[in-house]
Amino acid sequence: MITRVLNTRLPLMIYTPVKVFDLSYFHAVFAAGALPVFDTEFLNTGEILQKIRLLSQENILFGIRLPSPDLKLLETLERDSVSNLDLVVIPISKTDAIDRKPELGDTRLVLEIKDIGLTERIDRADPHAVILKGNEAAGQVSRYSSLILMQWYLKSQERPVFIHGGVGQYTAAGMLAAGVSGFVMDTQVLLADEAPVSPAFKNLLAAVEEGDSTEISIQDKQVFRVFAKLGTKVVKDLKQEAVVLGGQPDGEQRLYEKIASQIVALNDSKAPFIQSLFFMGQDGLFARHLAKKSHKLSEMIHQFFATLGQALDCVDEFDPVREHSPFAQSQNTRLPLIQGPMANISDNPEFAARVLEAGALPFLQWDLCRHPWPMPCCQRDLKKFPTAGPVWWGLRRLIPWCINIWIW
């Protein structure tokens, strides 16, 4: 169920760029209907509190994201409440969590989740919502995609869910239809006129390609997603160092410190960005699409939600995923679904029968059939298939070339 969490017009948080603080950007995001969230990554407690005091004097709502469960900072926020601080985002993991719900008054607590199986830790902190930060996002991310995290947590717990990673105009429609309550953006909107980044960075962002976001990781336990071209030496060197640090007990902390010491601010007018280290997820590819019609932040966000609404309207009017749809009728199944072929799994008639019984089209795959042509295997297994009447079958056989056959 979709639940309202934010005290803003739209169910959207927009993170500020790391190591960049610009009050005008907070105002622009809030005026556009979203909640500006101050990402405090790589800042110490004193710097964070100083900037919170500045934001407390502004006539806007805002949020903050902490890089870790900072108990000292949380105690300060409990003692000295900030009336326009709408929420605090705290990342937790299997090794780093908070064991109680902070007493933050009207300020909401939101947990950032990057792994599955954390429901007990979530329950102990009792947050108002969770942010699922998938592998597509920027910075320290999950080894799972946001869609995998979304499915797991929508099924495993009942708190409102926000998605960070993979949020585009069309993917967001599917996420909302699945039951999420909102979204988190960062790089997607940095081509806006109001974005506090240098012109050189905007030129680079407008030209990014699909493969320009990569991972620096230690054995999938700690994953950072950053910008990189093939010749970005700083990233190549950090990847090699991560391999060495993976065998050391303090390897994860040392990798974080190395990244912190080399990360550049996106408003640095002198930085050669193509050879610099900065966080950028696969979401960066969406930036130029959001800026196609306008570079004004409010219009970009309006267009995002307008496109999202149009996509959902189309599903309501022409819902293709329903029983006995034209496509389902064409393949003689109850649902318009095809089970993808899976080696060593979908090579037996019993599994195929269960798929058909559930309403989808089974797809048999005989990768391990020793016969040079799969028809003997096919004839053998079809005799075992318990069905009456015609059924469409998909056959896939990997031999020197790949073939797909439909038979009646």
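The values are calculated or read from the model by the stated rules, or taken from the named source; none is laboratory data. The shown structure was predicted, so the numbers you read here are calculated from the model rather than taken from an experiment. Heads up, the Cβs are rebuilt from the backbone with ideal geometry, glycines too, and the neighbour counts pull from every protein chain shown.
What to note about this one:
- Of the residues making up the stretch 260-285, those that are more than 18 Å from the chain's Cα centre (by Cα) and among the small types (Gly, Ala, Ser) are 260, 261, 265, 269, 271, 276.
- Residue within the stretch 169-178 that is out of contact with any Lys or Arg (no Cβ under 6 Å at 6 or more places or on another chain), assigned by TED's automatic domain parsing to the domain that holds residue 41 and of a type in the set (Phe, Trp, Tyr) present: yes
- Of the candidates 93, 68, 56, the single residue that is small (Gly, Ala, Ser) and at pLDDT 95 or above is 56.
- Enumeration of residues in the stretch 181-202 that are surrounded by 24 or more Cβ atoms within 10 Å (Cβ to Cβ) and over 22 Å from residue 293 (Cβ atoms): 182, 184
Here's the yes/no breakdown for (1) at pLDDT 90 or above; (2) in a loop (DSSP other than H, G, I, E, B); (3) not assigned by TED's automatic domain parsing to the domain that holds residue 230:
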| position | (1), (2), (3) |
| --- | --- |
| 247 | no, yes, no |
| 257 | yes, no, no |
| 260 | yes, no, no |
| 270 | yes, yes, no |
| 274 | yes, no, no |
| 294 | yes, yes, yes |
| 301 | yes, no, yes |
| 308 | yes, no, yes |
| 321 | no, yes, yes |
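- Among the candidates 241, 252, 209, residue that is surrounded by fewer than 19 Cβ atoms within 10 Å (Cβ to Cβ) and within 27 Å of residue 304 (Cβ to Cβ): 209
- Test for residue 265: is it in the same structural domain as residue 226 (by TED's automatic domain parsing), at pLDDT 90 or above and touching a Lys or Arg at 6+ places or on another chain (Cβ under 6 Å): yes
- Residues in the stretch 134-155 that are of a type outside the set (S, T, N, Q), without any contact (Cβ under 8 Å) to a residue 40 or more places away in the chain and either within 21 Å of residue 189 (Cβ to Cβ) or buried (at least 18 other Cβ atoms within 10 Å of the Cβ) (or both): 134, 144, 147, 149, 150, 152.
- For first residues located in the stretch 309-324 and closer than 17 Å to residue 179 by Cα and touching a residue at least 12 places away in the same chain (Cβ under 8 Å), partners that are of a type outside the set (Lys, Arg) and in a loop (DSSP other than H, G, I, E, B) and lie 6+ apart or on another chain with Cβ distances below 9 Å form the pairs 311/169; 311/170; 315/321; 321/335; 321/336; 321/337.
- Scanning the stretch 30-87 for residues that are within 28 Å of the chain's Cα centre (by Cα) and surrounded by 13 or more Cβ atoms within 10 Å (Cβ to Cβ) yields a count of 36.
- The stretch 190-205, residues that are assigned to a loop (DSSP other than H, G, I, E, B) and over 21 Å from the mean Cα position of the chain (by Cα): 192, 193, 194, 195, 196, 197, 198
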